[in-house]
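Working notes, beginning with the structure itself.
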Amino acid sequence: MKNRNKNIYLDYAATTPLSPEALLAMQPYLTTKFGNPSSLHSFGEQARQAIDEARQKVAKVLGCREKEIIFTASGTEADNLALKGIAEAGNFRGHLITSVIEHPAVLETARYLEDRGVKVAYIEVDKFGCVNPQDVLKAVRDDTFLVSVMYANNEIGTIQPIAEIAKSVKRKNKAILIHTDAVQAPGLLPLSVDKLGVDLLSLSAHKFYGPKGAGILYKRQGVNLAPQILGGGQEFGWRSGTENVAGIVGSAMALSKAENQRQKEVPRLSKLRDFLIASVKKAIPEAVLTGHPNKRLPNNASFCFPGLEGEALVFRLSERGFSCSSGSACSTGKFEASRVLLALGLDKNLALGSLRISLGRTTKLADLTRFIKILREEVEKLSS
């Protein structure tokens, strides 16, 4: 029987609603201020100025120069531009290091590069999904040109020691570039590119209450890459195509708000997450928490339930008014164990029973209290 109460959204790691501020900022560029930024007249000037101001906002959050910001159409495109662009600039020669639990946008790109001659080392993780900086350092070769490790995992929430990885790699060879997929980080983790020590960083607007179809790549000044979309030379020649002005404006507004609210929102979310984890363990003792117990995103709680199918549990919870996910939303429809969970060393049957709960701005304690009650009921039904 379908739930007749309000639906509770607990899948913020998959996507977030567009913030009212971002929507308001975008609206003029979808209606009256519709000019092409490449046009010389006043409509074009309005659009160019909007992009310039958006770039300033993003650069302020990342602590970088405005010309180091490249606007793309997604986080996936930003990852592709970083990895493919660097590799192609080096004529697909050399060695790339990444981890086994990266987002498909990085892993599939790494495999693409392998097919074209690039040697790739895939670093294993521990039982919590952590990359050991020493393992990365041991994998470095004389021809290593890039290390790409995500800031925080989208499925299990584990936060990686990016600054430590970058520091150790640069100490060994300062010419090696460091890229991080930071899609899950805005509003939850610090984003200073200097403190992280990265040369390239990818973001996706719809993960931080911005619009879908908009991404960002930070590229440190002096880093050369081969553009993957050729044409009119927009975005300083790194990414051609008429700019999505409204999407860019909305992305910048959303990122600024996420950063401005971070100091207040992180403690609130962390408290809710800790309550959720403790309550699930108490209500369902057989539940297995996945990811690091402490070094995890403040909004992420992920579990495996022995003997259950995660997809079935997600469906049942949806029927009861709660939206969660099993594994990654980017691979829904595939009834197979998450490769991230398998990389932790989990048994395949256990990994099939995964559930990810991710919290956001609208999540309240009362929502979680009701969710835990319903979760226990549905787990009991599926287990019987």
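Rule-based calculations on the coordinates, nothing more; no lab input. No experiment lies behind these values; they were computed from the predicted model shown. Note that each Cβ is placed from the backbone with ideal geometry, even for glycine, and that neighbours are counted across all protein chains shown.
Check each of the trypsin sites (Lys or Arg not before Pro) in segment 130-211 and keep only those in coil by DSSP with at most 14 other C-beta atoms within 10 angstrom; list them in order.
On the way: sites: Lys138, Arg141, Lys167, Lys170, Arg171, Lys172, Lys174, Lys195, Lys207; in loops: Arg141, Lys174.
Sites meeting the loop and neighbour criteria: Arg141, Lys174.
Rounded to the nearest 20 debye, what is the charge dipole size of segment 239-352 about its Cα centre when +1 sits on each Lys and Arg Cβ and -1 on each Asp and Glu Cβ? List each step's numbers first, then the result.
Values: 16 positive and 10 negative charges, 87 e Å.
So the dipole magnitude of segment 239-352 works out to roughly 420 debye.
From most to least packed by mean Cβ count within 10 Å, the peptides 114-121, 296-303 give 296-303, 114-121. For the chain, the residue among Ala121, Ser39, Leu203 whose Cα projects farthest onto the positive side of the dipole built from Cβ charges is Leu203. Positive-end ranking of Ser326, Ala226, Gly90 along the dipole of the chain, with charges on Cβ about the Cα centre, is headed by Ser326.
So if each residue of separation counts as 0.36 nm, and I subtract the Cα-Cα distance between Asp126 and Lys373, what length gain in nm does that give? Could you put the intermediate results ahead of the total?
Details: separation 247, 0.36 × 247 = 88.92 nm, distance 3.21 nm.
Gain in length upon complete extension: 85.7 nm.
Here the extension length gained between Glu45 and Ser270 equals 76.6 nm, from 0.36 nm per residue of separation less the Cα-Cα distance. Relative to the Cα centre, the charge distribution of the chain, modelled as +1 at Lys and Arg Cβ and -1 at Asp and Glu Cβ, gives a dipole magnitude of about 940 debye.
What number, rounded to the nearest 500 deg cm²/dmol, is the helix-based mean residue ellipticity at 222 nm of the chain, given -39500 (n - 2.57) per DSSP H run of at least four residues and division by all its residues?
Roughly -12500 deg cm²/dmol at 222 nm, from the helical runs in the chain.
Taking 0.36 nm per residue of sequence separation and removing the Cα-Cα distance, the Gln56/Lys170 pair yields an extension gain of 38.2 nm.
Rounded to the nearest 10 degrees, the angle from helix 310-319 to the longest Cα principal axis of the chain is 80 degrees.
Give me the percent of Cα-Cα pairs in the chain that sit more than 40 Å apart, rounded to a whole number. Display every interim value, and only then the final one.
Values: 12020 of 73536 pairs.
Value for the chain (Cα pairs over 40 Å): 16 percent.
Which of rounded, prolate, oblate describes segment 69-200, given a ≥ b ≥ c as roots of the alpha-carbon gyration tensor eigenvalues and a/c under 1.5 marking rounded, otherwise prolate only if a/b is larger than b/c? Rounded. DSSP loop (so not H, G, I, E, B), at most 15 other Cβ within 10 Å: list which GluC sites (Glu not before Pro) in segment 273-380 pass both filters. Those satisfying the criteria are Glu286, Glu336.
Summarising the label geometry, the points placed 7 Å from Cα in the beta-carbon direction at Ile229 and Arg65 lie 2.4 nm from one another.
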